[in-house]
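Accompanying notes for the structure given below.
The values are calculated or read from the model by the stated rules, or taken from the named source; none is laboratory data. Computed from a predicted model, the values in this text were never measured in an experiment. Cβ sites come from the backbone with ideal geometry, for glycine too, and all protein chains shown count toward neighbours. Just the protein is used for accessible areas: all its heavy atoms, side chains included, with ligands, DNA and RNA removed. Shrake-Rupley method; radii C 1.70, N 1.55, O 1.52, S 1.80 Å.
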Amino acid sequence: KKKKKKKRTTHTCFFSDRKKKKLIHTIMGSAMSCGNAGEEMDPEQKARNKEIESQLRRDKKNFERELKILLLGAGESGKSTIVKQMKLIYMKGFTDDEREPFIPIIYSNVIMSMRALVLACEKLGLEVSEDAQKHARLFRSSTILFDQVVTDEIAEAVAVLWVEPSIQQAFTRAREFQLNDSAGYFFDNLDRIKEEEYLPTDQDLLRARARTSGINEVVFTIGDTGFRMVDVGGQRSERKKWIHCFQDVTSLIFFVALSEYDLSLREDSTVNRMHESIALFEEICNCQWFAETGIILFLNKSDLFKEKIKKVDLAVCFPDYQGGTNYQPAIDFIDKKFSSLNRVSDRTVYSHVTCATNTDQIKFVFKSVREHIIEQSLLGTGVL
């Protein structure tokens, strides 16, 4: 008779890769210190083993208590800004050494934003005055794309061009080309940014725009609860990496940039950004991975939206919208539009209107969010 094969039992490991490495390292250390099984351990070895076992118990307990928050949304919706806010609010902020790497990013934001405006003037048929032509030529040149430092020459050119009527006119028509949200902020703060000893402020850091590539994590603790916040790039080319983050998600926060209802994607000028967010949210919200995951909607960039809605009717994006150029009816319409896409009957999508660059507001909102996440986690484990 053929011998029956023993049925293999598989075990799900509750440790992350980082924890696995730490566990292996610790166990190896333990094995080395134990010597041969038949030998009696001396008091020092016993003490070390006891310490290792205690550490393993603490690691397991901490990992089980850690709640994973996944941030998703289209590009430039504010995910990375929220991660920076968590560091400012819960992790003692940024040191001077951590601020310095943002300087070239901010310099690039200043230079590339002014270049976008100068090139837009040509595209839109707006003529730059004779006095400003010399400065405009500086930004038309491809050489400015390389050594991106705000020198005295560049600072002077930006200052002259920023008050140039044609540039101001192009700025009001930013929906017709691609321009960073933070352009006006950095132009207005140029005198401070051009200083030799310049070090970015908290607000500078929050408004600095750098495309997120890959997967970024930040771990912080509030009270007895640990949070692991995972931020992934929102551009189409980055989304293939999202699936690597879908496991063990306690809660998902989806970001919508309210103010981008009249803008097109950077990667595809034929697609409206708000329409892209809707399609993306519908797919994520009803994905099998998140059938039992709490979903929170951040209707972000409310400050920019409040100003834009006064001038641009939401009907340019949604023909069925009839609320006019009024803030609250427009917010309610967008909120309902997204929430209605949830097809999981026993799940409520909680929404918050946010301004990611406003630290006080995000602190208030996240207090509510974390209470909801902890409650959902307790429900999921059967504690509640």
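Values as computed for the structure displayed
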{"read-out": "Pick from the stretch 200-221, criterion hydroxyl-bearing (Ser, Thr, Tyr) and at pLDDT 85 or above, ranking: farthest from GLY75 (Cα to Cα)", "value": "THR221"}
{"read-out": "Verdict on GLN178 being open to solvent by 50 Å² or more (accessible area, probe 1.4 Å) and in contact with a Cys (Cβ under 9 Å, 6 or more places away or on another chain)", "value": "no"}
{"read-out": "Set ASP262, ASP224, ASP268: member being modelled with pLDDT of 90 or more, surrounded by fewer than 22 Cβ atoms within 10 Å (Cβ to Cβ) and more than 13 Å from the chain's Cα centre (by Cα)", "value": "ASP262"}
{"read-out": "Pair list, Cβ < 6 Å and 6+ apart or interchain, from the stretch 146-170 residues that are within 12 Å of ASP191 (Cβ to Cβ) to residues that are open to solvent by 60 Å² or more (accessible area, probe 1.4 Å)", "value": "VAL150/LYS194; ALA155/LYS194"}
{"read-out": "Residue satisfying all of: in the stretch 342-376; surrounded by fewer than 16 Cβ atoms within 10 Å (Cβ to Cβ) and small (Gly, Ala, Ser); farthest from LEU299 (Cα to Cα) among these", "value": "SER345"}
{"read-out": "Complete set of residues in the stretch 100-127 that are of a type in the set (A, V, I, L, M), more than 25 Å from the chain's Cα centre (by Cα) and surrounded by fewer than 21 Cβ atoms within 10 Å (Cβ to Cβ)", "value": "LEU119, LEU124, LEU126"}
{"read-out": "Residue match in the stretch 273-283 (condition: over 27 Å from ARG207 (Cα atoms), of a type outside the set (A, V, I, L, M) and out of contact with any helix residue (DSSP H, G or I) (no Cβ under 6 Å at 6 or more places or on another chain))", "value": "yes"}
{"read-out": "LYS241, sole failed condition from (1) modelled with pLDDT of 90 or more; (2) open to solvent by 10 Å² or more (accessible area, probe 1.4 Å)", "value": "(1)"}
{"read-out": "All positions within the stretch 134-170 that are of a type outside the set (A, V, I, L, M), closer than 17 Å to GLU196 by Cα and open to solvent by 40 Å² or more (accessible area, probe 1.4 Å)", "value": "ASP147, THR151, ASP152, GLU153, GLU156"}
{"read-out": "Given (1) more than 24 Å from the chain's Cα centre (by Cα); (2) surrounded by 14 or more Cβ atoms within 10 Å (Cβ to Cβ); (3) of a type in the set (Asp, Glu), number of the condition GLU196 does not satisfy", "value": "(2)"}
